[in-house]
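**Q** Sharing a structure with you now.
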Amino acid sequence: MEYKTREYPQFSACGLNCGLCSRYYTAGLSRCPGCAGESFSEVHPPCGILSCCQRKGLEYCFDCVEFPCKKYNGWADGDSFITHKNYFIDMEKAKQFGIEAYKTELNIKIGILETLLKDLDDGRRKGFYCLAVNLLALDDIKVVMAQVNGELETETSIKEKAKTVVRLLEEMAEQRRISLKLRK
């Protein structure tokens, strides 16, 4: 199925944060452009939720009078490359505060993730960073990043820096009772 390209593919029609997915940051043929991003149909299987939204002329499921519908039954019981844990919370936030406010928050998280991937990834942390930034609240991520900046002055190797970042993210997640593991 061919999809109409969406203006903001970083936040999917179904509520996933595509801009925080490891496949969004993958180089090569398996890179996903986000929900109905450019060339989406070439790298992504057909999506019944996206098809439904586009058929109804909606950008997001939360704009539908039937939301949440039966398409969501069991849909979020597992994860793939991106966590499904907060999709409903994130859609409620976007609906309550407005999509532009949600995009602003998501863009800040995307910027933090890009910094982590560019400056603090030892080649083994992309999936973990994507998951942590997706699941932790923005304020908590900002606290961790402030700690990171303070603690990394003494670290020299990228491997040691990455270990420090992982430790700080895990500590914050533990305080919030959040599991930083994908559900298979």
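**Q** Identify all lysines with a Cα-Cα distance to Lys103 below 29 Å; exclude those on the same chain that are fewer than 8 residues away in sequence.
**A** Filter leaves Lys4, Lys56, Lys70, Lys71, Lys85, Lys93, Lys95, Lys118, Lys126, Lys142, Lys181, Lys184.
**Q** How high is the relative contact order of the chain, in percent, with contacts defined as C-alpha pairs under 8 Å that are six or more residues apart?
**A** 22
**Q** For every helix of n ≥ 4 consecutive DSSP H residues, a contribution of -39,500 (n - 2.57) applies; sum these over the chain, divide by its total residues, and give [θ] at 222 nm rounded to the nearest 500 deg cm²/dmol.
**A** Calculated from helices alone, the mean residue ellipticity at 222 nm is -15000 deg cm²/dmol.
**Q** Give me Cys69, Cys32, Cys53 sorted ascending by neighbouring Cβ count inside 10 Å, so fewest comes first.
**A** Lowest count first: Cys69, Cys32, Cys53.
**Q** What spacing in nm lies between the two simple spin-label points modelled at Ala137 and Ser39, each 7 Å away from Cα in the Cβ direction?
**A** Reported label-point gap for Ala137 and Ser39 is 3.9 nm.
**Q** A further question follows. Just to be sure I follow: if Rg is taken over the C-alpha atoms of the chain and Rh is the Kirkwood radius over the same atoms, what is Rg/Rh?
**A** Answer for the chain: 0.98.
**Q** Hey, got a sec? Which GluC sites (Glu not before Pro) in segment 63-160 land in a DSSP loop and have at most 13 other Cβ atoms within 10 Å?
**A** Here the sparse-neighbourhood loop sites are Glu66, Glu153.
**Q** Evaluate the distance, in nm, between pseudo-label points positioned 7 Å from the Cα of Lys126 and of Ser80 along their respective Cα→Cβ axes.
**A** About 1.7 nm separates the two model spin labels.
No lab work stands behind these numbers, since they all come straight from the coordinates. Since this is a predicted model, take the numbers as computed values, not measurements. Positions of Cβ are backbone-derived with ideal geometry, glycine not excepted, and every protein chain shown enters the neighbour counts.
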